[in-house]
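Contents: one structure, followed by commentary.
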Amino acid sequence: DVKVTQSSRYLVKRTGEKVFLECVQDMDHENMFWYRQDPGLGLRLIYFSYDVKMKEKGDIPEGYSVSREKKERFSLILESASTNQTSMYLCASSLGGGGVGKLFFGSGTQLSVL
Amino acid sequence: GESVGLHLPTLSVQEGDNSIINCAYSNSASDYFIWYKQESGKGPQFIIDIRSNMDKRQGQRVTVLLNKTVKHLSLQIAATQPGDSAVYFCAESFGNNRLAFGKGNQVVVIP
């Protein structure tokens with residue numbers, strides 16, 4: 001079974017802090033994604049990566065950056081956390097090879113910015 | 001997360017009955033569709049997918065129907081069980097290496 005692991009289940013940070021959310025997948029997938037999930041808004045794509053060191057902006061990239069130095073790891077960075085970034089963050093991966101394919105999700109990180 | 005079901009359309013169904021969850025998608029060029037299930041406190045889990053060259057696809061206790069004419073997708077769950085209580089999301093892709101998700105439907109199974 002594909003496993004997508006997010007490093008933290010819950011995080012509490014202060015406004016202005018730099019925050020790192022880590023995600024690791026163990027199935028040699030090409031594509032990795034970061035979504036945020038808010039009540040009533042569904043899942044919104046922040047950034048995605050289709051290869052090592054490659055990244056593309058999703059629908060809501062403002063205030064975020066990402067890093068993909070190794071194929072299995074995709075990090076989401078909040079340079080200066082703000083209260084409106086309080087949310088559930090979901091990492092996902094997919095096989096690649098043309099098209100998005102089936103996404104496999106981690107369990108999520110609930111981030112609270114105070 | 002725990003609050004993902006707030007403000008969502010809710011379908012209440014008796015245990016053992018069939019459930020139908022509907023989804024209107026936005027892009028007529030979309031060529032791939034997926035249904036996900038999300039239980040409280042967990043990430044979304046793949047249920048079934050369908051490509052645009054098909055109208056129907058069946059899995060274990062689930063069937064997805066695609067009507068491209070009216071851009072409508074539905075998920076049918078046969079003999080609904082308490083473990084089917086969750087939020088269900090449809091998602092579409094139009095060949096650009098990404099999925100766009102709907103806002104979700106809450107399903108509540110009444111024992």
How about segment B:51-61: which of its residues are more than 18 Å from A:F104 (Cβ to Cβ) and more than 11 Å from chain A (Cβ to nearest Cβ)? B:S52, B:N53, B:M54, B:D55, B:K56, B:R57, B:Q58, B:Q60, B:R61
For segment B:24-56, which positions are in a loop (DSSP other than H, G, I, E, B) and in contact (Cβ under 8 Å) with a residue 24 or more places away in the chain? B:Y25, B:S26, B:N27, B:S28, B:A29, B:S30, B:D31, B:E39, B:S40, B:G41, B:P44
Residue selected from segment B:36-48 under the condition of a type outside the set (S, T, N, Q) and touching a Lys or Arg at 6+ places or on another chain (Cβ under 6 Å), by the criterion surrounded by the most Cβ atoms within 10 Å (Cβ to Cβ): B:I47
Which members of segment A:56-108 meet the condition of being more than 12 Å from every other protein chain (Cβ to nearest Cβ) and assigned to a loop (DSSP other than H, G, I, E, B)? A:I60, A:P61, A:E62, A:G63, A:Y64, A:K71, A:E72, A:E79, A:S80, A:A81, A:S82
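Scan segment A:95-114 for residues that are under 13 Å from the mean Cα position of the chain (by Cα) and open to solvent by less than 10 Å² (accessible area, probe 1.4 Å) and jot them down.
Of everything in segment A:95-114, those that are under 13 Å from the mean Cα position of the chain (by Cα) and open to solvent by less than 10 Å² (accessible area, probe 1.4 Å) turn out to be A:L103, A:G106, A:G108, A:T109, A:L111.
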Please count how many residues of segment B:57-95 are among the charged types (D, E, K, R), open to solvent by 40 Å² or more (accessible area, probe 1.4 Å) and not in a strand (DSSP E or B). 3
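The values are calculated or read from the model by the stated rules, or taken from the named source; none is laboratory data. Because the structure is a prediction, the values reported are computed rather than measured. FYI the Cβ positions are ideal-geometry reconstructions off the backbone, even for glycines, and counts take in every protein chain you see. Each accessible area value is taken on the protein alone, full model and side chains, heavy atoms only, with ligands, DNA and RNA left out. Shrake-Rupley method; radii C 1.70, N 1.55, O 1.52, S 1.80 Å.
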